[in-house]
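No value in this document is a laboratory result; all are computed from the given coordinates. All values reported here derive from a predicted model rather than from experimental measurement. Glycine also receives a Cβ, built like all others from the backbone with ideal geometry; neighbour counts cover every protein chain displayed.
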Amino acid sequence: MNRLLPALLLLIPFAGCHTVVEAPAGEVDRQAIYQEIADALPEADFGWGAPSAIAEMSASAKSEGPVAGPAALKASEKGFRIRFQVYRPKTVWVPYEAIQEVSTSWKAVPNVFFIPFIVLPLQAVRATVVFDANQVSGLITGLKADIKRLEAISREIGMGGPWSHAQTVKWKIEDDAVAYGSGMLAVHFDFLAGAPAWFPVGGRALRVAEAFAWVKEHPDEPELDPAETPKGDDTEPAASRPGG
């Protein structure tokens, strides 16, 4: 307990706080900006966890047959494609103009447990991107449909796991609306930085946040040369890029 007390005291100024990030000033390397976003997309987390695997064991889920995998994650000059899962994995295209706020934060947990190890060069940091879900085609209707689907599966199988996950998604949507405004959703990107937890740093989270802050202010830039197009976790021909 004696070792944890200084950690808890240090935690107070940072716990639950976030810093709004502004776009970098001056000239930037646009290809590097888009690539930073593309590289971060696999880390995206809406904060509602994963659905219960038992949902896929229901008779109605099995009757739906195999489902095509979600489209590749990617970023372009106009927006980014992000993956989420309520019932089954899906992707949506988020235009940069939908972004409302970008911030970074020092994560109280697990950092409070790292602090007592004074020389341990490790801390958890987060970039958060808030966007208007009403500007994302199919997202609101898709979320509502998946929530209803999980609730129906719970009634079908007589087990609460899918229903519980559906309520978690509802609560997250409501919490984001309270925190950021009606229709807003926050997606998080969590990283570890190589610095002691008692000295907050931005690390990769800050670089990712600055990239999103820049595209928020420059949502409609001309296309790059195809050879410079950033790659995500998979690639598609340039002609098929949404928002291009």
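Put a plus charge on the Cβ of each Lys and Arg, a minus charge on the Cβ of each Asp and Glu, and nothing anywhere else: the dipole of the range 4-220 about its Cα centre is then about 640 debye.
Extension gain for residue 67 to residue 218 (0.36 nm times residue separation, less C-alpha to C-alpha distance): 50.8 nm.
Partner lysines whose Cα lies under 25 Å from the Cα of residue 216, excluding those fewer than 8 positions away in the same chain, are identified as 74, 78, 90, 107, 172, 231. Shape call for the range 83-167 from the C-alpha gyration tensor, a ≥ b ≥ c root eigenvalues: rounded (a/c under 1.5), prolate (a/b greater than b/c) or oblate? Oblate, because a/c is 1.5 or more while a/b does not exceed b/c. Compute the FRET efficiency between residue 225 and residue 190 as 1/(1 + (r/R0)^6), taking r as their Cβ-Cβ distance and R0 = 30 Å, and round to the nearest 0.05. Efficiency computed from Cβ-Cβ geometry: 0.35. Simple rule: put +1 on each Lys or Arg Cβ and -1 on each Asp or Glu Cβ in the chain, find the dipole, and look at 157, 76, 177; the Cα lying farthest toward the positive end is 157. Determine Rg/Rh for the chain; Rg is computed over alpha-carbon atoms and Rh is the Kirkwood hydrodynamic estimate from the same atoms. Using only Cα positions, Rg/Rh for the chain is 1.01.
Here the simple spin-label model places points 7 Å from the Cα toward Cβ, and for residue 88 and residue 50 these points are separated by 1.7 nm. Restriction of the GluC sites (Glu not before Pro) in the range 17-122 to DSSP coil positions whose beta-carbon has at most 14 other beta-carbons within 10 angstrom yields 22, 27, 64.
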